[in-house]
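Below is one structure, written out as structure tokens, with a few remarks after it.
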């Protein structure tokens, strides 16, 4: 095989597609049940499109069955069968039921769900009205940054939750953290290797931790700040 392969150009496999996060639990290796929903860990309510990935938690209703109970073998990603019976279903279900009886004896804290009704209350913490509005006061957008002079970073933030800390990055490299006064970082001296010589406009990135949302400010080349993303910080982390 190795000798024949020399006559052909090298080939490699491409990256596999990411797993489907909205697929059925049983198709994602979850055996505890076939019905689930995503909860926001901060509000304790059903997650929405505004809920950050870091605070999303899947809640599965405990209802153990064989895989044939939850899906149609001819349409695995379609709706579950209305009448999960078939020539093989009783045998699969019997084997799973026997195993589960042993498992439950060893794990008495595992209880089947009384119902599988998904709550209707949705995340009311991560909503647009609570999003912080952050802007960079200093350095001024488009200004030259001298790597041999002290640079002071000042931010302005308006929102429901106060800032906790500021992390300053220069050209993607960590510089400092400010917690005493998150919106007014101490001055620092940009290193030549950090500022990339011959590049008069190094990028400035400042991360401001919020409760429970953490905005990330990215100032690309020429210091033009813009709000890049929101990531969560639990309220308990404030103290």
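A short reminder: the numbers here are calculations on the coordinates, not readings from a lab. Since we're looking at a predicted model, the values are computed, not measured. Virtual Cβ from ideal backbone geometry, glycine too; neighbours counted across all protein chains shown.
Data overview
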{"quantity": "FRET efficiency for residue 49 and residue 4, using Cβ-Cβ distance with R0 set to 45 Å, rounded to 0.05", "calculated": "0.30"}
{"quantity": "Per residue Cα convex hull volume in Å³ - calculated over the range 20-106", "calculated": "120"}
{"quantity": "Relative contact order %, the range 20-106, counting alpha carbon pairs below 8 Å whose residues are six or more apart", "calculated": "23"}
{"quantity": "Separation of the residue 21 and residue 154 label points, Cα + 7 Å toward Cβ, nm", "calculated": "3.9"}
{"quantity": "Packing-based exposure ordering (other Cβ within 10 Å, fewest first) of 45, 6, 73, 39", "calculated": "6, 73, 45, 39"}
{"quantity": "Rounded FRET efficiency, nearest 0.05, which uses the C-beta distance separating residue 180 from residue 130 and R0 of 22 Å", "calculated": "0.35"}
